[in-house]
1. What number goes with the only condition from (1) more than 29 Å from TYR46 (Cβ to Cβ); (2) at pLDDT 85 or above; (3) surrounded by 12 or more Cβ atoms within 10 Å (Cβ to Cβ) that ARG139 does not pass?
2. Which ones in the range 149-197 are at positive phi and of a type outside the set (D, E, K, R)?
3. Tell me whether the range 147-160 contains one or more residues that are surrounded by fewer than 13 Cβ atoms within 10 Å (Cβ to Cβ), under 30 Å from LEU217 (Cβ atoms) and modelled with pLDDT under 90.
4. From the set of residues in the range 161-177 that are among the basic types (Lys, Arg) and more than 15 Å from PRO193 (Cβ to Cβ), which is modelled with the lowest pLDDT?
5. Every residue in the range 75-128 that is touching a Leu at 6+ places or on another chain (Cβ under 7 Å), assigned to a strand (DSSP E or B) and surrounded by fewer than 14 Cβ atoms within 10 Å (Cβ to Cβ), please.
6. Can you pull out every residue in the range 45-64 that is under 30 Å from ASN100 (Cα atoms) and modelled with pLDDT under 70?
7. For the range 191-220, give me each residue that is of a type in the set (A, V, I, L, M) and crowded, with 17+ Cβ neighbours inside 10 Å.
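The values are calculated or read from the model by the stated rules, or taken from the named source; none is laboratory data. This is a predicted model, so every value here is computed, not measured. Cβ placement follows ideal geometry from the backbone for every residue including glycine, while neighbour counts extend to all protein chains displayed.
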Amino acid sequence: MIKIRLIVILGMIFLMTGFAHGQVNTEKLRQGLDEDGFSIGAEFNYSLTKGNSDLVEFGLAPGFVWRTGKHQTFMINELETASADGGDLVNKGFSHLRYNHELHYRWVYELFLQAQYDKTQDLTARYLAGSGIRLRLMRRDLTFLAVGVTAMYEYEELDSGEIIKIIRGSHYLSFRTSKKDRIGFSSTVYIQPKYADFNDVRVLGEAALEINISTHLSITNILTYRYDSEPPVGIKEYDLELKGGLKIAF
């Protein structure tokens, strides 16, 4: 069965636009875990301000998920730009591809690739490749809990000209629950240490609340915290971001 979903996000509120380089929550991208088939979707946001200051914000995140039997592949692409009075404030994007193979009811093998850039974090380019194991700790009707243990090779090019090549872990805990399809809550925490130096660590935590107003309309609120113990020179160690808006799904 083929499903096509179009998601338009209206009224996004960006309190802070910081984005710690290299940290992306892919858990929110998993769809149709128990259904064979192909699904595509897109998320879009746009903001325009004219007057005392000219501000334009644009975001686009298309993706797909495909599952057959014990195999699942999904991909997400994201582009975000923001400019004020003719100058760029934000210019970043990434593409993430992940393959899952269900070894057992609870055990899943994962393989992933990612490419990324982020001018706000002095990141010209970043490429990574990794694999590992995902363990489903709980899987009930409306509640899901999983932990993942993976390793990844990281290649980074900074605007300063510095090139970084390291191996990191990317270990996570993911939780999702909902109540009678009216209220949904999800939370994910990633810990990404450098294996050669555990003092070099990145942390990503994200919590999302979704309230369904109707079958096609819901209110969304997402709180994200990112920490990098050794960021590029001139970049802060942490970022806090809050997004809220309306989601229309078909």
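1. (2)
2. GLY161
3. no
4. First, the residues of the range 161-177 that are among the basic types (Lys, Arg): 165, 168, 176.
Checking the rest, the ones that are also more than 15 Å from PRO193 (Cβ to Cβ) come to 165, 176.
Working: LYS165: 95, ARG176: 89.
Of everything passing the filter in the range 161-177, ARG176 is modelled with the lowest pLDDT.
5. Scanning the range 75-128 gives a single hit, TRP107.
6. Within the range 45-64, the subset under 30 Å from ASN100 (Cα atoms) is 45, 59-64.
Of everything in the range 45-64, just one residue is under 30 Å from ASN100 (Cα atoms) and modelled with pLDDT under 70, namely ASN45.
7. Matches in the range 191-220: VAL203, LEU204, ALA208.
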